[in-house]
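Single-structure report; data block below.
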Amino acid sequence: MQGDALGVVGLGSYVPKTVVGLDFFYAAGMPPDPMPNSPLLRLPPERRHVEPGERAAAMIERAAAAMFDRLGLEPAGNVDVLLTNVLLPDGMFTGCGTEAADLLGCTPEWILDLHNGGCASFPYMLKVAGALVAGGGARSALLATVQNTAGQVYSQPEIRKLPHAALPGDGCGVAYVRAGDHAGPAVLGTRTRHTPGTALDIGVVTQDGRRYWEPGPGALDVKANAEKQKETLALGNRLVPELVEELCAGLGLAVADIDVLITNQPNRIFLRNWRDALGLPAERHLDTFDRFGNLYGAGVAVTLEHAAREGRIPDGALVVTAGFAHAGDFAAAAALRWRGAPVSAGTG
């Protein structure tokens, strides 16, 4: 490991206290789970929803403050870079990075809101932080990913009747990384890929076709382009295994060397298809889908923190995180050599 390479010093997570079961959706008129006993198709039994008025920056502060407290550090003076990804930004003109920095009491040199990172935001943030460190512009970074649509979009009276509303849950995952820190897991490398032509194949829709900021009746929803569903599924199935294989090849490692794989978790079918394509057994592919549902961009960081806290990652393990975003317009993967145990703090 080179002197300026990143080491993971701490991990944190926050999930809202409100546990939402399937009865919440059935009561609104959603059809019962058609395959409740299917190992691949059943809905997650639980998820968490943000409280009314709970802001993304506050979720970041709750996850990060507990982590910094366990590290014995004050955020002030110890965060050169703050990188955030929030699925549903609270503010119209700015991202949530400055608000989160204010709540944490720090003034980073760099505050970047990586809105395009989506479900692949965590490995993407590791790449961006590594580039800033390599350029000499920073020594430490706080990475924060937030999923906050479950309790704000998918819980709306009309939307919660729809089957896809029961898949997401809300949560936040953070990581604190530092250049040249040899005590914790080391970042070995990252890989990213953009497929810009699919960027508009998923997005916010309204029942009457109006643009989301225009006045009118009916709730907002998030939907993929039905006419391109087959292509989207095929691309999603390919992207994660391809990025993982390219990452391992570039590092001179074999895919079989992966001890722990953590990906985003849109559903059980993607999870199975990805590990099958990579030839990895289920016990090496960790997820929190049944506990928290689809956490979008926060899924990798939250699952990583829970795995670390629960002692599920052995010392010396090769850990690979990966994901694809939106309808496949972005994908990323990152490899870590797990040594020692980063400070971990979380809820749920």
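Please treat every number below as a calculation from the coordinates, not as lab data. The structure presented is a predicted model; accordingly, all values stated were derived computationally and were not measured. Every residue, glycine among them, receives a Cβ derived from its backbone with ideal geometry; neighbour counts consider all protein chains shown.
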Past the 16 angstrom mark, what percentage of all C-alpha to C-alpha distances in the stretch 226-275 do you count? 45 percent
Measure out, as a whole number of angstrom, how far apart the alpha-carbon centroids of the stretch 215-276 and the stretch 106-163 sit. 17 Å
Stretch V19-R70 to full length: gain in nm at 0.36 nm per residue minus the Cα-Cα span? 15.8 nm
Built amide H within the under 5 Å cut-off of V9, gap 5+: Y176, V177, R178
From the square roots a ≥ b ≥ c of the eigenvalues of the alpha-carbon gyration tensor of the stretch 85-135, which class results: rounded (a/c under 1.5), prolate (a/b over b/c), or oblate? oblate
Under a Cβ-Cβ cut-off of 15 Å, what is the net charge of the residues other than A254 that fall near it, where Lys and Arg count +1 and Asp and Glu count -1? -2
Which one of Q156, Q229, Q265 has the biggest mean-square fluctuation once the chain is modelled by GNM with Cα springs under 10 Å? Q229
Estimated dipole of the chain in Debye, rounded to 20 [Cβ of Lys and Arg +1, of Asp and Glu -1, Cα centre]: 500 debye
So for the chain, considering every pair of alpha-carbon atoms, how many percent are separated by more than 28 Å? 38 percent
Under the classification rounded if a/c is under 1.5, otherwise prolate if a/b is larger than b/c and oblate if not, where does the stretch 1-129 fall, given a ≥ b ≥ c as square roots of the Cα gyration tensor eigenvalues? prolate
What order, most packed first, do the peptides 40-46, 26-32, 136-142 have when packing is the mean number of other Cβ atoms within 10 Å of each residue? 136-142, 40-46, 26-32
Under 16 Å from the Cα of K127 - aspartates and glutamates, other chains or at least 8 residues apart: D4, D80, D113, E246
Under 5 Å from the placed amide H of G189, counting only residues 5+ away or on other chains, we find A335
So D257 and V205, fully extended at 0.36 nm per residue minus their Cα-Cα distance, gain in nm 14.5 nm
In degrees, nearest 10, the alpha-carbon axis of helix 298-309 is tilted away from the dominant principal axis of the alpha carbons of the chain by 50 degrees
For the chain, what is the calculated [θ] at 222 nm in deg cm²/dmol (nearest 500), taking -39500 (n - 2.57) for each run of four or more DSSP H residues and dividing by its residue count? -8000 deg cm²/dmol
Between rounded, prolate and oblate, where does the stretch 227-338 land on the alpha carbon gyration tensor, with a ≥ b ≥ c its root eigenvalues, rounded for a/c under 1.5, else prolate if a/b exceeds b/c? oblate
At a Förster distance of 22 Å, what's the computed FRET efficiency of E51 paired with R312, Cβ-Cβ distance as r, to 0.05? 0.15
With an 8 Å cut-off on Cα pairs and a minimum separation of 6 or more residues, tell me the relative contact order of the chain in percent. 27 percent
Residue among E74, E61, E214 with the largest mean-square fluctuation in a Gaussian network model of the chain, springs linking Cα atoms under 10 Å: E214
Ranking S38, S121 by Cβ neighbours within 10 Å, fewest first, what do you get? S38, S121
Describe numerically, in nm with one decimal, the distance between label points set 7 Å from Cα along Cα→Cβ at Y26 and at Q156. 2.6 nm
Rounded to the nearest 5, what is the percent of antiparallel bridges among the DSSP beta bridges in the stretch 227-338? 55 percent
Of G209, G299, G197, the most mobile residue in a GNM of the chain (C-alpha springs, cutoff 10 Å) is G209
F93 to N116: extension gain in nm, 0.36 nm per residue of separation minus the Cα-Cα distance? 6.7 nm
Counting only DSSP beta bridges with both residues in the chain, tell me the antiparallel percent, nearest 5. 70 percent
Sequence gap at least 6, Cα distance under 8 Å: using those rules, report the relative contact order of the stretch 227-338 to the nearest whole percent. 35 percent
Partner lysines for K228 [C-alpha distance under 16 Å; skip if fewer than 8 residues away on the same chain]: none
In straight Cα distance, which lysines are under 22 Å from K161, not counting same-chain residues fewer than 8 positions off? K223
